[in-house]
Amino acid sequence: MTQLPLRAQLASALGRSAATLSRMTGRGDGSVIGGRVGLLLEPDLLRKLAHDRRLALVSATNGKTTTTRLITSALLELGEVATNAFGANMPAGHVSALAQHKTAPYGVLEVDEKYLPEVLDTTGAGVVCLMNLSRDQMDRAAEIWLLAQKWRRALSGKPTHVIANCDDPLVTWGASTAAKVTWVAGGQRWKEDSWCCPECGGPLDRKDAFWACRECTFHRPEPQWALDDEMAVDPRGQRWLLDIQLPGLANRSNAVMALAVAEAFGVPVERALPHLREVTSVAGRYTTVERDGRHARLLLAKNPAGWLEAFDVADPQLPIILSVNAQGPDGRDTSWLWDVDYRILRGRPVFVTGERRLDLALRLDVADVPFTLCNTFTEALAMQSPGRVDVIANYTAFQQIRSEFGRAV
Amino acid sequence: MPSDSVLRIVWIYPDLLSTYGDQGNVLVLEQRAQRRGIQTETIHVRSADPVPESGDIYLIGGGEDRPQILAAERLRRDGGLHRAVASGAALLAVCAGYQIMGSTFGGEEGQPVDGIGLLDIASARGPARAVGELVAEVDATLNLPTLTGFENHMGVTHLGPGVKPLSRTVKGVGNGDGFEGCYAGHVVGTYLHGPALARNPALADLLLSWRLGPLAPLDDSRYEALRQERLATVLQQT
């Protein structure tokens with residue numbers, strides 16, 4: 001890397017000090033405050049820190065943090081990689097990540113969907129990975145059709161190489177203005193946001209994985225990569241057993257996306273895949289915490305598509321604790337609970353907690369799912385017999401549980 | 001009610017207008033009918049399909065600007081909803097669906113777009129997005145408890161003489177003039193987005209009673225617990 005200008009050096013050094021202070025005083029993991037301090041002193045810091053590095057930006061509604069982690073682990077084959085591993089996915093988090101790894105020639109940055117155009121413009125990243133778009137926290141997040149439109153504008157006319165999931169029609173539309181796209185058949189479980197053509201509004205017809213608009217020419221592009229159950233299929237048609245430790249179909253899809261991104265950086269599957277298999281948990285997701293003989297596996301689900309994925313991972317033989325909050329980062333509106341089909345939980349012992357447990361209680365009642373209402377997570381855990389239990393929580397509920405166990409990773 | 005005594009619930013265009021939990025209104029109506037021993041049949045009408053005229057209760061939800069415009073065009077062309085309402089069916093129109101029912105509403109760039117004229121209202125894009133909890137006291141003639149819910153829209157809606165305000169806002173924005181929603185005949189429009197009926201089971205019962213007559217009471221403790229918690233929390237913040 002070339003030397004940063006003096007002002008940018010100072011800004012990033014002060015930012016790092018603020019981050020250290022934040023961690024030492026136990027106020028946070030420092031990934032936002034450090035970047036904020038740096039940007040205050042040098043508004044152009046992100047551009048300067050990104051200069052001369054090979055960057056991948058990762059965006060989607062779900063799976064950003066996990067896929068960022070998978071890509072990072074694969075690119076470590078090439079050398080040092082700067083990354084915002086804890087999900088601080090706005091520009092302050094990006095500044096912080098790049099400042100902490102000043103000499104890293106590579107960077108993998110998770111980017112909030114709304115910020116993708118701005119971060120792409122600023123960093124000039126060479127690779128962008130786009131996985132899925134679905135309804136998410138409508139009181140603060142952008143409407144997704146509009147979001148895809150902004151992606152189109154941002155990608156148009158840039159040399160960026162996009163790796164995109166062609167099984168998601170809205171992602172396909174959002175990515176298709178890019179100069180170069182590698183299409184990945186990554187699957188799409190949640191389809192409620194893509195019954196209509198993003199191009200013309202006509203009905204989308206689906207047959208198996210293929211989709212096409214009935215009224216215009218917009219259709220699923222031919223994928224170069226595919227997920228086929230447990231296997232990744234590469235552009236040469238070679239099949240690779242994924243055998244990753246992260247559970248569930250959504251993570252196998254994330255892994256195929258990561259393999260395609262790794263190849264774009266010149267890391268072949270045989271060198272990338274072993275690193276993907278080493279990842280066991282991501283910022284507390286999928287980790288198991290223990291108290292008094294109760295082993296609770298923590299699953300994060302922030303929106304209806306995320307709940308579908310969590311249900312795919314949860315063990316139907318086990319009891320399950322559900323925790324829902326509605327603080328700022330969760331979205332203050334709990335309407336999304338009504339888009340989740342909870343009937344799959346019938347027959348399991350279900351325990352309900354979180355700050356908005358009454359919303360969830362009514363939702364389950366209407367779905368005819370019996371449950372036990374608990375005032376706290378501690379109470380819900382104490383009600384379990386010793387052994388395993390699954391936990392699904394939305395964002396701040398998940399962080400509260402994590403911090404009860406020393407910010408479990 | 002049809003002679004086979006199945007309550008037909010018609011959900012209009014879930015592929016275009018069901019942005020956030022709108023399905024909740026379908027589920028709450030189904031549950032409250034079924035717990036009273038009434039069978040239900042729910043029809044999901046996609047935007048490429050005709051709207052059936054034989055439904056008892058029609059629901060239409062919220063959505064983004066572009067799908068809202070498409071939905072208005074298709075409903076106008078289809079005409080099925082107009083015929084159903086003219087023959088006495090009940091309709092709950094929520095958020096974007098509420099605006100569509102009027103003569104006009106604001107499009108992506110704020111441009112006026114033709115509605116379908118089922119309610120004597122006219123909407124336009126307002127100065128700022130209204131996002132947050134809403135509390136409103138319902139028009140006394142309807143004899144309903146306080147409305148509670150969440151709104152998330154940029155619309156301002158003017159009521160004409162052909163409709164009555166549904167409620168007077170205590171907290172939140174609603175139509176933008178101190179009132180929230182409106183009703184005329186068996187048609188109710190509201191900015192309480194998504195699963196409005198989950199927070200207001202009495203409104204669900206009003207729609208049901210328009211088709212079924214007087215209803216037996218239900219154990220509403222789950223609904224009541226949520227309503228009381230929400231109302232207490234939200235009113236404390238004012």
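The values are calculated or read from the model by the stated rules, or taken from the named source; none is laboratory data. Note that the coordinates shown come from a computational prediction; the quantities given were computed from them, not determined experimentally. Reconstructed Cβ throughout: ideal geometry from the backbone, glycine too, with neighbour counts over all protein chains shown.
Here are the numbers:
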read-out	value
A:S194, sole failed condition from (1) surrounded by 21 or more Cβ atoms within 10 Å (Cβ to Cβ); (2) at pLDDT 95 or above	(2)
Subset of region B:49-62 (residues that are more than 26 Å from B:P201 (Cβ to Cβ) and within 14 Å of another protein chain (Cβ to nearest Cβ))	B:D49, B:P50
Lone qualifier among B:L81, B:L17 - being closer than 29 Å to B:V113 by Cβ and either at the interface with chain A (Cβ under 9 Å from one of its Cβ atoms) or part of a loop (DSSP other than H, G, I, E, B) (or both)	B:L17
Any hit, region A:307-321, residues being surrounded by fewer than 20 Cβ atoms within 10 Å (Cβ to Cβ) and farther than 25 Å from A:L360 by Cβ	no
Pairs where the first residue, in region B:76-100, is at pLDDT 95 or above and the second is surrounded by fewer than 23 Cβ atoms within 10 Å (Cβ to Cβ) and in a helix (DSSP H, G or I), C-beta under 7 Å, 6+ apart	B:A90/B:W210; B:A90/B:R211; B:L91/B:V85
Tally of residues being within 17 Å of B:L92 (Cα to Cα) and over 17 Å from the mean Cα position of the chain (by Cα) across region B:1-39	3
Considering residues of region A:372-393 that are more than 12 Å from chain B (Cβ to nearest Cβ) and within 20 Å of B:E229 (Cα to Cα) only, the residue nearest to the chain's Cα centre (by Cα)	A:F377
Residues of region A:191-246 classified as assigned to a loop (DSSP other than H, G, I, E, B), under 25 Å from the mean Cα position of the chain (by Cα) and away from chain B (no Cβ under 14 Å), total	15
Only listed residue being at pLDDT 95 or above, more than 10 Å from chain B (Cβ to nearest Cβ) and over 19 Å from B:G21 (Cβ atoms), chosen from A:V369, A:V350	A:V350
Test: residue in region A:91-104 that is assigned by TED's automatic domain parsing to the domain that holds A:R220, under 30 Å from A:D341 (Cα atoms) and either in contact with a Phe, Trp or Tyr (Cβ under 8 Å, 6 or more places away or on another chain) or touching a residue at least 40 places away in the same chain (Cβ under 8 Å) (or both)	no
Failed item, numbered, when B:D65 is tested on (1) surrounded by fewer than 24 Cβ atoms within 10 Å (Cβ to Cβ); (2) away from every other protein chain (no Cβ under 14 Å)	(2)
Residue that is nearest to the other protein chains (Cβ to nearest Cβ), among those in region B:23-48 that are in a loop (DSSP other than H, G, I, E, B) and under 20 Å from A:P203 (Cα atoms)	B:A48
Count of residues meeting criterion [more than 29 Å from B:A72 (Cα to Cα) and among the charged types (D, E, K, R)] in region A:190-215	1
Count - residues of region B:138-154 that are within 14 Å of another protein chain (Cβ to nearest Cβ) and touching a residue at least 60 places away in the same chain (Cβ under 8 Å)	3
Selection from region A:367-409 of residues that are basic (K, R) and in contact with a Leu (Cβ under 9 Å, 6 or more places away or on another chain)	A:R388, A:R402
So A:A185, is it under 21 Å from A:D234 (Cα atoms), buried (at least 24 other Cβ atoms within 10 Å of the Cβ), of a type in the set (G, A, S) and more than 11 Å from chain B (Cβ to nearest Cβ)	no
Wholly enclosed helices (runs of 4 or more DSSP H) of region A:291-409 bearing at least 2 residues in contact (Cβ under 8 Å) with a residue 40 or more places away in the chain	A:304-313, A:377-382, A:395-404
Those residues of region A:332-385 which are under 21 Å from B:A198 (Cβ atoms), small (G, A, S) and surrounded by 24 or more Cβ atoms within 10 Å (Cβ to Cβ), in sequence order	A:S335, A:G354
Cross-chain or 6+ apart pairs with Cβ under 8 Å, region B:212-238 first and away from chain A (no Cβ under 11 Å) and surrounded by 10 or more Cβ atoms within 10 Å (Cβ to Cβ), then among the hydroxyl-bearing types (S, T, Y) and assigned to a helix (DSSP H, G or I)	B:L215/B:S209
Residue among B:A140, B:A196 that is surrounded by fewer than 19 Cβ atoms within 10 Å (Cβ to Cβ) and out of contact with any Phe, Trp or Tyr (no Cβ under 8 Å at 6 or more places or on another chain)	B:A140
Candidates B:S5, B:S103, filtered to the one that is on the phi > 0 side of the Ramachandran plot and more than 10 Å from chain A (Cβ to nearest Cβ)	B:S5
Residues of region B:127-137 classified as in contact (Cβ under 8 Å) with a residue 40 or more places away in the chain and within 22 Å of B:L226 (Cα to Cα), total	5
Check on A:D208, more than 29 Å from A:T334 (Cβ to Cβ) and without any contact (Cβ under 8 Å) to a residue 12 or more places away in the chain	yes
All positions within region A:121-150 that are in contact with a Leu (Cβ under 6 Å, 6 or more places away or on another chain) and away from every other protein chain (no Cβ under 14 Å)	A:T122, A:T123, A:A125, A:V128
Top-ranked residue in region A:66-80 [being buried (at least 24 other Cβ atoms within 10 Å of the Cβ) and not small (G, A, S); ranked as farthest from A:Y115 (Cα to Cα)]	A:L75
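For every residue, the table says whether it meets (1) within 18 Å of the chain's Cα centre (by Cα); (2) modelled with pLDDT under 95; (3) among the hydrophobic types (A, V, I, L, M, F, W, C); (4) farther than 24 Å from A:N165 by Cβ.
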| site | (1), (2), (3), (4) |
| --- | --- |
| A:L39 | no, yes, yes, yes |
| A:L46 | no, yes, yes, yes |
| A:L70 | yes, no, yes, no |
| A:S73 | yes, no, no, no |
| A:A82 | yes, no, yes, yes |
| A:G87 | yes, yes, no, no |
| A:P91 | yes, yes, no, yes |
| A:T103 | no, yes, no, yes |
